[in-house]
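Notes to accompany the following structure.
The values are calculated or read from the model by the stated rules, or taken from the named source; none is laboratory data. Remember, it's a predicted structure, so these values are computed and weren't measured experimentally. Every residue, glycine as well, gets a Cβ built from its backbone with ideal geometry; the counts of neighbours run over all protein chains shown.
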Amino acid sequence: MKVLITGASGLLGRRVFKRLKGLPNFDAVGSCFSRIEDKDLIKLDITDRQCLEQWFLENKPAAVVHCAAERRPNIVDNNPSLAYSLNVKATQDLCDLAERFHCWLLYISTDYVFDGKNAPYSESDSANPLNTYGKHKLAGEEIVLSAAGGQNAVLRVPILYGPIEYLGESAVTILYDKVREVSTSCSMDDRQRRYPTHTDAVAEVIHDMLIKHQEQLLTGVYHLTDTQMLTKYDMALAMADVMQHPTAHIKASKLEPSSSDTPRPYDCHLHTDRLRQVSIPIPSRDFRTEIKRILTENLMPGA
């Protein structure tokens, strides 16, 4: 099974590619555009329809795992047209080509398609995104689900963390910049509820979905999340503890976001019923154990 993984140089795409690469029943092709340091990846601009079409003609994949996205809400707000070309237009082009080449497409989406007012959310609940990023991802979902006679699938995931190339690569590990600056007081949100999920757990489920798809067609929306609820304040305290930093400088904030902030949902906890219905296990990782491993490896010389 030849599988194209878009965004394979990113936080999630790297782990999906690592999971599938070298397995005897998969021919995994990881694509990226700007970060081409990994010699195992191919350079492919998915916002260039002609370039994308040529690749499909030459390679004819059986499946696409579409991880590539501009997933930082603030960046999307600052340059919505550029983000739209990647988050929506490229998704449309991929769906068009996947349908033409009879290729199944799995689209990685987000819990930010919900407004966070009525958690937990099932796969069939109505979406109501609060910010432009969530609106882009919902538009991508609608494209994916309407293409190929409704035979594609969407996997929604929450905030992700995992092996990183730099602290700012994940909305979780970026918090450590302030955690380790023990001489400077910092305020961390202690209101919005999050369910940080390890990228290896997501890669494991994607692998299982690809295998299951060969046995039975997987279509529609699926949810994946870890179960531990943490605010950013909780995450910061956990990082400080496992990395043996003092915590007096970390202050909890219960304030509502200001009108100038990019709006984020309060609680988007996801039900995972549909994955369970197709007998795909929901993996879990202990946050403290994994975040210590990630930070230790990132901060080691040469890591």
Quick check: anything in segment 231-243 part of a loop (DSSP other than H, G, I, E, B), in contact with a strand residue (DSSP E or B) (Cβ under 6 Å, 6 or more places away or on another chain), touching a residue at least 12 places away in the same chain (Cβ under 8 Å) and not hydroxyl-bearing (S, T, Y)? no
Subset of segment 30-63, residues more than 14 Å from F17 (Cβ to Cβ) and among the β-branched types (V, I, T), comes to I46, T47
For segment 29-46, name all the residues that are under 24 Å from D208 (Cβ atoms) and either polar (S, T, N, Q) or surrounded by fewer than 22 Cβ atoms within 10 Å (Cβ to Cβ) (or both). S31, D40, L41
Among the candidates A148, A127, A139, single out the residue that is in contact with a helix residue (DSSP H, G or I) (Cβ under 6 Å, 6 or more places away or on another chain), within 22 Å of Q92 (Cβ to Cβ), of a type in the set (A, V, I, L, M, F, W, C) and assigned to a loop (DSSP other than H, G, I, E, B). A127
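If we keep just the residues of segment 232-283 that are among the acidic types (D, E) and in contact with an Asp or Glu (Cβ under 8 Å, 6 or more places away or on another chain), which is surrounded by the fewest Cβ atoms within 10 Å (Cβ to Cβ)? Write out each step before concluding.
So in segment 232-283, the residues among the acidic types (D, E) come out as 234, 241, 256, 261, 267, 273.
This time we only want the ones that are in contact with an Asp or Glu (Cβ under 8 Å, 6 or more places away or on another chain), so: 234, 273.
Values: D234: 19, D273: 12.
So the residue we want is D273.
Would you please name the residue that is modelled with the highest pLDDT, looking only at residues in segment 193-231 that are polar (S, T, N, Q) and over 20 Å from R288 (Cβ atoms)? Don't jump to the end; show me each part of the working.
Step one: list which residues in segment 193-231 are polar (S, T, N, Q), which gives 197, 199, 214, 216, 219, 225, 227-228, 231.
Subset that is over 20 Å from R288 (Cβ atoms): 214, 216, 219.
Values: Q214: 91, Q216: 90, T219: 96.
Checking each candidate, the answer is T219.
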Given (1) crowded, with 19+ Cβ neighbours inside 10 Å; (2) touching a residue at least 60 places away in the same chain (Cβ under 8 Å); (3) not in a loop (DSSP other than H, G, I, E, B), number of the condition I164 does not satisfy: (3)
Filter segment 27-47 down to residues that are part of a loop (DSSP other than H, G, I, E, B) and among the basic types (K, R) and give me whichever is modelled with the highest pLDDT. K39
From the list V65, V16, which one is assigned to a helix (DSSP H, G or I), surrounded by 21 or more Cβ atoms within 10 Å (Cβ to Cβ) and under 15 Å from the mean Cα position of the chain (by Cα)? V16
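Which one of R285, R293, R276, R264 is closer than 17 Å to E123 by Cβ and basic (K, R)?
Numbers: R285 fails: closer than 17 Å to E123 by Cβ; R293 fails: closer than 17 Å to E123 by Cβ; R264 fails: closer than 17 Å to E123 by Cβ.
Selected residue: R276, the only one of R285, R293, R276, R264 that is closer than 17 Å to E123 by Cβ and basic (K, R).
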Counting just the residues of segment 77-118 that are in contact with a Ser or Thr (Cβ under 8 Å, 6 or more places away or on another chain) and over 22 Å from V16 (Cβ atoms), which one comes out modelled with the highest pLDDT? K89
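Picking from L105, L175, which residue would you name as being under 18 Å from the mean Cα position of the chain (by Cα), within 29 Å of K2 (Cβ to Cβ) and either β-branched (V, I, T) or crowded, with 16+ Cβ neighbours inside 10 Å (or both)?
On the way: L175 fails: within 29 Å of K2 (Cβ to Cβ).
Going through L105, L175 in turn, just one is under 18 Å from the mean Cα position of the chain (by Cα), within 29 Å of K2 (Cβ to Cβ) and either β-branched (V, I, T) or crowded, with 16+ Cβ neighbours inside 10 Å (or both): L105.
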